[in-house]
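Undergrad: Before I ask anything, let me first share the structure, which is written out below as structure tokens.
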Amino acid sequence: MAQSISQEAIGATGLPGATAASRHAGATISGAPTSGTFAVGDFIIDQSGAMYVCTVAGTPGTWQLSGVSVNENIAGKNFVINGGMDIWQRGTSFALSSALAYSADRWCSYSSSAITVSQQTSGLTGFQYALRMQRNSGSTTTSYSQILYNAESKNSYPLAGQTVTLSFWARAGANFSGASNNISVGVESGTGTDQNQYYGYFTGATLPVNTTATLTTSWQRFTYTCAMPSNSTQFAVFFNYTPVGTAGANDYFDITGVQLEIAPQATPFSRAGGSIGAELALCQRYYVSLNTSNFYVYGNFWNSANGILFTALPSTMRVTPTVALPSSVTNMSQVVGLSNFTPSSPSASATTNSFSFGFAGGSAGYSAGQPVTLNGGFVFTVSAEL
């Protein structure tokens with residue numbers, strides 16, 4: 001039978017100056033109490049050695065994991081990069097096809113329906129942005145759609161054999177057509193190395209978390225705790241949506257604040273990098289968008305008609321990346337004299353630390369060693385994604 005404890009029944013004891021009520025209220029096997037009635041100041045120590053303090057009285061009350069800072073800028077606590085949906089180097093709106101494609105940095109999306117993934121202002125305290133997966137109005141396709149975070153092995157090894165907690169914030173549009181207003185939520189573990197696969201295709205796949213979350217039109221925080229397999233070498237976090245019926249104008253769900261941490265319960269959200277600048281740097285380990293309107297690439301001719309330009313990448317990339325050229329490059333300048341010309345035979349490559357652009361062309365009379373620059377407005381993408 002649950003015991004009700006009043007503040008009057010708990011006298012403040014201890015050293016002079018400790019005037020607030022406090023009481024050791026027992027223990028749990030793991031985590032904060034889930035039943036019973038408690039008062040502010042009660043504390044318990046679970047059998048794993050973690051201590052919890054009741055901060056709001058109730059049944060069972062609100063509990064804070066003690067010994068873990070509530071600072072929201074702890075670098076490295078969150079194993080999900082860009083869980084706050086802040087970084088969108090590729091753009092802010094994407095119409096999905098049947099292929100797996102990145103949208104927000106580090107987040108893949110898949111759908112065989114008419115779905116748009118976009119960046120939205122969240123309106124949620126503490127979070128500027130959210131990712132929205134929206135079924136286009138009038139669509140009758142009922143195939144599932146997915147948002148997926150796929151981690152590389154180097155960021156997965158510390159989770160092996162650990163108790164981890166997944167937490168996130170989500171809400172639905174007024175016409176959300178997920179079956180019973182649900183999205184599927186999961187953490188997948190694999191035993192391979194840096195697999196570029198999505199849900200269900202990892203080597204040695206298991207699902208430490210495999211559940212559903214029922215959404216409303218208001219933001220809710222969801223948390224799920226699980227034990228990661230001792231042989232886990234890669235993980236993914238996924239959110240699936242299986243629509244029903246015909247899509248209305250507000251058939252969407254929003255998600256932000258995604259966090260996976262080593263802890264028996266959720267703690268306040270923290271960016272993986274601890275700050276927005278560090279979060280961008282972590283994203284640029286996998287993908288960099290180089291717009292020549294925002295950076296300068298300098299080089300020189302090595303003979304009268306051919307040359308090469310170099311620039312350092314902002315972050316060391318995961319592996320040797322691939323480079324995608326813009327559809328055209330039309331404006332280069334010899335630095336001395338600013339003689340503009342259109343390069344021919346453009347090519348680009350990159351190492352994990354640098355980017356290079358080779359070209360032919362130029363006016364007669366150029367000679368080896370003359371400096372040259374690539375003028376603004378062209379976007380090169382450098383990718384080392386999984």
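Undergrad: Within region 217-247, which residues are assigned to a strand (DSSP E or B) and small (Gly, Ala, Ser)? Walk me through it before giving the result.
TA: First, the residues of region 217-247 that are assigned to a strand (DSSP E or B): 220-227, 234-241, 243.
Those that are assigned to a strand (DSSP E or B) and small (Gly, Ala, Ser): 227, 236.
Undergrad: Determine which member of the set 272, 305, 324 is in contact with a Lys or Arg (Cβ under 9 Å, 6 or more places away or on another chain), among the aliphatic types (A, V, I, L, M) and either assigned by TED's automatic domain parsing to the domain that holds residue 340 or surrounded by 15 or more Cβ atoms within 10 Å (Cβ to Cβ) (or both).
TA: Values: 305 fails: in contact with a Lys or Arg (Cβ under 9 Å, 6 or more places away or on another chain); 324 fails: in contact with a Lys or Arg (Cβ under 9 Å, 6 or more places away or on another chain).
Just a single option satisfies the conditions, and that option is 272.
Undergrad: If you don't mind, there's one more thing I want to ask. Residue by residue through region 124-142, note down the ones that are surrounded by fewer than 16 Cβ atoms within 10 Å (Cβ to Cβ) and assigned to a strand (DSSP E or B).
TA: The answer is 128, and nothing else.
Undergrad: Now for a separate question. Test each condition in (1) surrounded by 21 or more Cβ atoms within 10 Å (Cβ to Cβ); (2) more than 25 Å from residue 84 (Cβ to Cβ); (3) not basic (Lys, Arg) for residue 180 and report the one that comes out false.
TA: (1)
Undergrad: May I pose another question? So for region 27-36 (the condition being loosely packed, with under 10 Cβ neighbours inside 10 Å, at pLDDT 85 or above and under 20 Å from residue 267 (Cβ atoms)), does at least one residue qualify? Working first, answer last.
TA: To start, the set of residues in region 27-36 that are loosely packed, with under 10 Cβ neighbours inside 10 Å comprises 29, 34-35.
When the remaining residues are screened for being at pLDDT 85 or above, the result is 34-35.
Going one step further and asking which of them are under 20 Å from residue 267 (Cβ atoms), we end up with 34.
The answer is yes, given that some residue of region 27-36 is loosely packed, with under 10 Cβ neighbours inside 10 Å, at pLDDT 85 or above and under 20 Å from residue 267 (Cβ atoms).
Undergrad: Give me the residue from region 228-251 that is of a type in the set (Gly, Ala, Ser) and modelled with pLDDT under 90 and, out of that set, farthest from residue 132 (Cα to Cα). Give the steps one after another, and end with the answer.
TA: Pass one, region 228-251, residues of a type in the set (Gly, Ala, Ser): 230, 232, 236, 245, 247-249.
Filter once more, keeping what is modelled with pLDDT under 90: 245, 247-249.
On the way: 245: 20, 247: 15, 248: 15, 249: 14 Å.
Top of the filtered list is 245.
Undergrad: So residue 266 clears everything in (1) part of a strand (DSSP E or B); (2) hydrophobic (A, V, I, L, M, F, W, C); (3) in the same structural domain as residue 130 (by TED's automatic domain parsing) except one condition, right? Which one?
TA: So the condition that residue 266 fails would be (1).
Undergrad: If you take the residues of region 150-164 that are polar (S, T, N, Q) and in contact with a Phe, Trp or Tyr (Cβ under 9 Å, 6 or more places away or on another chain), which of them is surrounded by the fewest Cβ atoms within 10 Å (Cβ to Cβ)? Steps first, answer last, please.
TA: If we filter region 150-164 for residues that are polar (S, T, N, Q), which is where we start, we get 150, 153, 155-156, 162-163.
Narrowing further to those that are in contact with a Phe, Trp or Tyr (Cβ under 9 Å, 6 or more places away or on another chain): 150, 155-156.
On the way: 150: 26, 155: 17, 156: 21.
Among them, the one singled out is 155.
Undergrad: Residues that are in contact (Cβ under 8 Å) with a residue 12 or more places away in the chain and of a type in the set (A, V, I, L, M, F, W, C), at least 3 per element: which strands (runs of 3 or more DSSP E) completely within region 316-375 meet that? Walk me through how you get there before you give the answer.
TA: On the way: elements: 322-324, 332-334, 339-341, 344-350, 354-360, 371-374.
By residue number, 354-360.
Undergrad: Looking at this structure, is residue 285 surrounded by fewer than 20 Cβ atoms within 10 Å (Cβ to Cβ) and basic (Lys, Arg)? Talk me through it step by step, then tell me what you get.
TA: Values: surrounded by fewer than 20 Cβ atoms within 10 Å (Cβ to Cβ): no; basic (Lys, Arg): yes.
Here the answer is no, as residue 285 does not meet what is asked.
Undergrad: May I pose another question? Based on what the data block shows, is residue 109 within 17 Å of residue 235 (Cα to Cα) and small (Gly, Ala, Ser)?
TA: Working: within 17 Å of residue 235 (Cα to Cα): yes; small (Gly, Ala, Ser): yes.
So residue 109 fits the description; yes.
Undergrad: Let me ask you something else. Just one of 77, 154 is charged (D, E, K, R) and closer than 27 Å to residue 32 by Cα; which is it? Outline the logic, then answer.
TA: Values: 154 fails: closer than 27 Å to residue 32 by Cα.
77 is the lone residue from the list that is charged (D, E, K, R) and closer than 27 Å to residue 32 by Cα.
Undergrad: Name the residue that is modelled with the highest pLDDT, counting only residues in region 282-308 that are in contact with a strand residue (DSSP E or B) (Cβ under 8 Å, 6 or more places away or on another chain) and part of a loop (DSSP other than H, G, I, E, B). Before the answer, list the steps.
TA: Initially, region 282-308 is screened for residues in contact with a strand residue (DSSP E or B) (Cβ under 8 Å, 6 or more places away or on another chain), giving 286-292, 295-302, 305-308.
Subset that is part of a loop (DSSP other than H, G, I, E, B): 286, 292, 295-296, 302, 305.
On the way: 286: 98, 292: 86, 295: 77, 296: 77, 302: 87, 305: 82.
Looking at the filtered set, the residue picked out is 286.
Undergrad: Kindly provide the set of residues from region 101-123 that are under 13 Å from residue 85 (Cβ atoms) and outside any strand (DSSP E or B), ordered by number.
TA: 103, 104, 105, 106
Undergrad: How about region 153-173: which of its residues are of a type in the set (A, V, I, L, M) and either modelled with pLDDT under 95 or closer than 24 Å to residue 195 by Cβ (or both)? Can you show your working first?
TA: Narrowing region 153-173 to residues of a type in the set (A, V, I, L, M): 159-160, 164, 166, 170, 172.
The answer is 159, 160, 164, 166.
Undergrad: Can you find even one residue in region 250-259 that is part of a strand (DSSP E or B), without any contact (Cβ under 8 Å) to a residue 60 or more places away in the chain and touching a Ser or Thr at 6+ places or on another chain (Cβ under 8 Å)?
TA: Residues of region 250-259 part of a strand (DSSP E or B): 252-259.
This time we only want the ones that are without any contact (Cβ under 8 Å) to a residue 60 or more places away in the chain, so: none.
The answer is no; no qualifying residue exists.
Undergrad: From the list 232, 189, 167, 145, which one is touching a helix residue (DSSP H, G or I) at 6+ places or on another chain (Cβ under 7 Å) and buried (at least 22 other Cβ atoms within 10 Å of the Cβ)?
TA: Working: 189 fails: touching a helix residue (DSSP H, G or I) at 6+ places or on another chain (Cβ under 7 Å); 167 fails: touching a helix residue (DSSP H, G or I) at 6+ places or on another chain (Cβ under 7 Å); 145 fails: touching a helix residue (DSSP H, G or I) at 6+ places or on another chain (Cβ under 7 Å).
The conditions single out 232.
Undergrad: Exactly one condition in (1) in a loop (DSSP other than H, G, I, E, B); (2) more than 25 Å from residue 109 (Cβ to Cβ) is not met by residue 385; state its number.
TA: Going through (1) in a loop (DSSP other than H, G, I, E, B); (2) more than 25 Å from residue 109 (Cβ to Cβ) one by one, residue 385 breaks only (2).
The values are calculated or read from the model by the stated rules, or taken from the named source; none is laboratory data. What you see is a predicted model; the values in this text were computed from it and never measured. With ideal geometry, Cβ positions are generated from the backbone for all residues, glycine too; neighbour counts draw on all protein chains shown.
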